[in-house]
Amino acid sequence: MTSSSAPAPASSGAPQPSGPLRRLTARGRDEAHRVASPLELFFDLCFVVAIAQAGVQLVHAVAEGHAGRGILDYAMVFFAIWWAWMNFSWFASAYDNDDALYRVVTLVQIAGVLVLAAGVSRAAVQHDFLLVWLGYVIMRLAMAWQWLRAARSATGAERTTALRYAYGVLLCQAGWLGLVLLPEPSRPWVFLVMVIAELCVPLYAEKVQETSWHPHHIAERYGLFTIIVLGETIAAATVAVKSGVDEHNALGELLPIAAGGLLIVFAAWWIYFVVPIHGHLRSSRRAFVWGYGHYLVFASAAAIGAGLEVAVEQAVGKAHISTLSASAAVTLPTALYLLTVWALHSRHFKVGLTQQLVLPVTALLVICCTFLGRWAVLAAGLVSSAAVVTGVALTARTTARDRAADAAAGAG
C-alpha cells in the first residue's frame with residue numbers, strides 16, 4: 001500500500017530468468033502487459049478456504065440469534081484475511097521477481113492462510129484466537145522476510161522504506177499477541193488498536209519514498225479477488241439451497257431466495273466491472289483510499305453469501321430467527337456493497353446527478369426490501385438488476401448525446 005510521496009525509482013521491466021535466485025529489485029510502473037502471475041492466482045484461490053470458514057461461522061452466529069457477536073468476530077477474522085492478502089498483493093506489484101526463493105516464501109504465506117482458516121471456528125465458538133494468531137504469524141514473518149530481502153537489494157530512501165515495512169510488520173505481529181493473552185472483554189479494544197497500527201505502517205514506511213506498484217496490475221488483482229469472493233458467495237448459497245431441497249423438500253420456499261441471490265451476485269459483478277478502474281489510480285492518495293476501502297467491498301460481498309445461507313435456513317425452519325432478521329442478513333450487506341462500490345469506483349465515472357444517484361438510491365431500496373417477508377431477497381435481486389439496467393440506459397443516452405454534440409460541432 002502507499003501514501004503520498006515522491007515516486008520511487010524502478011527497473012525497466014519484468015524480471016528476466018537468470019537462475020533460481022535473483023536480486024529482489026523494484027519493478028517499473030510503466031511495464032507493458034503487466035498481469036497477475038500464476039502464483040498470485042494460486043495465492044488468491046487459497047484464501048477462499050479462510051473466507052469460507054469465516055462465512056460459515058457468521059451463518060451459525062446469525063442463525064442462532066447472536067448477530068452482534070457474530071459480526072464482530074467476522075470483522076476481526078476477515079480483517080486478518082484481507083490485510084494479509086493486501087500486503088502481499090501490493091508488495092508483489094512492486095517487487096515480484098518470481099525466483100525460487102520468492103516462490104517458496106509465498107507458499108509459506110499460503111500455509112499460514114490455511115492454518116488461520118483452521119482456527120476460525122475455534123475463534124468464533126470458543127473465542128480462542130491461538131490458531132488464528134499462529135497462522136497470522138506464519139504469514140507476517142514471511143512478509144517481513146520479503147521486505148528485508150528487498151531492503152538488502154536497495155539503497156538510500158528505498159532501503160529505508162523496505163526496512164520500515166519489515167520492522168512495522170514485526171512490531172504489529174507482537175501486538176496481536178494481546179488477542180491470545182489478554183482477557184476476552186479487552187480483545188475488541190486490542191483489535192481496534194492493532195487495526196489502527198497496521199493501517200499506519202504503510203503511511204509511515206512510504207513517507208520516505210513510494211513503492212513502485214503498477215496501477216493496471218493492482219486493479220486486476222483486486223478485480224480477481226472480487227470475483228473469487230463472489231464465486232464463494234454463489235457456492236455457499238448453492239450448497240445451502242441444495243441442502244434445503246434434499247432435507248426438507250422446500251423447493252417452493254427456496255426458489256425466491258435462490259433467484260434473488262443469483263440476481264444480487266450478477267448485479268454485484270456487473271456494477272464492479274462496468275468501467276476499468278486502473279486509470280483512476282493515478283496518485284498514491286487515490287490508491288491509498290481505494291485499496292483500504294476494499295475491506296468493506298470484500299467483507300460485504302462474502303457476507304451476502306452468508307446471508308443467503310441464513311435466509312435458506314430460516315425458510316426451512318433450521319434458524320430460530322424472524323423472517324425480518326433473515327432478510328436483513330442479505331439486504332444489509334448488499335446495500336453496503338453497493339454503497340462502497342459507488343464510493344470507490346462508480347462515482348468517478350458518473351456524469352450528472354441522475355447517474356450519481358443510481359447506486360445510493362438502489363442501496364436504500366434494497367434496505368426497504370427487508371420488510372417484504374419471504375419475498376425480500378427476490379425483491380432485492382430485482383432492484384439490484386434494475387440498477388444495472390438503469391445505469392446502462394443512462395450511460396448509453398449520455399454517450400449518444402455526446403456523439404451528437406461532437407457531430408454537430410464537426411459539421412459546424
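Given the condition closer than 30 Å to residue 174 by Cα and not assigned by TED's automatic domain parsing to the domain that holds residue 94, answer yes or no: does some residue in segment 229-251 qualify?
Within segment 229-251, one or more residues are closer than 30 Å to residue 174 by Cα and not assigned by TED's automatic domain parsing to the domain that holds residue 94.
Within segment 269-280, the set of residues being in contact with a Phe, Trp or Tyr (Cβ under 9 Å, 6 or more places away or on another chain) and surrounded by fewer than 19 Cβ atoms within 10 Å (Cβ to Cβ) comprises 274, 275, 280.
Please verify whether residue 104 is surrounded by fewer than 16 Cβ atoms within 10 Å (Cβ to Cβ) and either within 30 Å of residue 151 (Cβ to Cβ) or touching a strand residue (DSSP E or B) at 6+ places or on another chain (Cβ under 8 Å) (or both), treating the condition exactly as stated. Spelling it out, residue 104 is indeed surrounded by fewer than 16 Cβ atoms within 10 Å (Cβ to Cβ) and either within 30 Å of residue 151 (Cβ to Cβ) or touching a strand residue (DSSP E or B) at 6+ places or on another chain (Cβ under 8 Å) (or both). When 332, 336, 378 are screened for being crowded, with 16+ Cβ neighbours inside 10 Å, in contact with a Gly (Cβ under 7 Å, 6 or more places away or on another chain), under 22 Å from residue 312 (Cα atoms) and among the hydrophobic types (A, V, I, L, M, F, W, C), only 378 passes. Remark: residue 247 falls outside the filter, which requires a residue to be part of a helix (DSSP H, G or I), of a type in the set (Asp, Glu) and closer than 30 Å to residue 95 by Cβ.
Residue by residue, here is whether (1) within 22 Å of residue 217 (Cβ to Cβ); (2) polar (S, T, N, Q); (3) at pLDDT below 90 holds:
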residue	(1), (2), (3)
99	yes, no, yes
141	no, no, no
147	yes, no, no
165	yes, no, no
172	no, no, no
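Going through (1) in contact (Cβ under 8 Å) with a residue 60 or more places away in the chain; (2) within 18 Å of residue 377 (Cβ to Cβ) one by one, residue 322 falls short only on (1).
Take the residues in segment 161-192 that are among the polar types (S, T, N, Q) and buried (at least 17 other Cβ atoms within 10 Å of the Cβ); name whichever of them is farthest from residue 130 (Cα to Cα). Ranking the qualifying residues of segment 161-192, first place goes to 161.
Cβ-Cβ contacts under 6 Å between residues 6 or more apart (or on different chains), taken from a first residue in segment 63-82 that is β-branched (Val, Ile, Thr) to a second residue that is crowded, with 23+ Cβ neighbours inside 10 Å, are listed as 77/54; 77/120; 81/50.
Taking segment 218-267, which residues are more than 30 Å from residue 283 (Cα to Cα) and of a type in the set (Ser, Thr, Tyr)? Quick ask: steps written out before the conclusion?
Looking only at segment 218-267, we keep the residues that are more than 30 Å from residue 283 (Cα to Cα), and these are 231-266.
The answer is 233, 238, 243.
The values are calculated or read from the model by the stated rules, or taken from the named source; none is laboratory data. On a predicted model such as this, the values are computed, not experimentally measured, just so you know. A quick note on method: Cβ atoms are made from the backbone with ideal geometry, for glycine too, and the neighbour counts reach across all protein chains shown.
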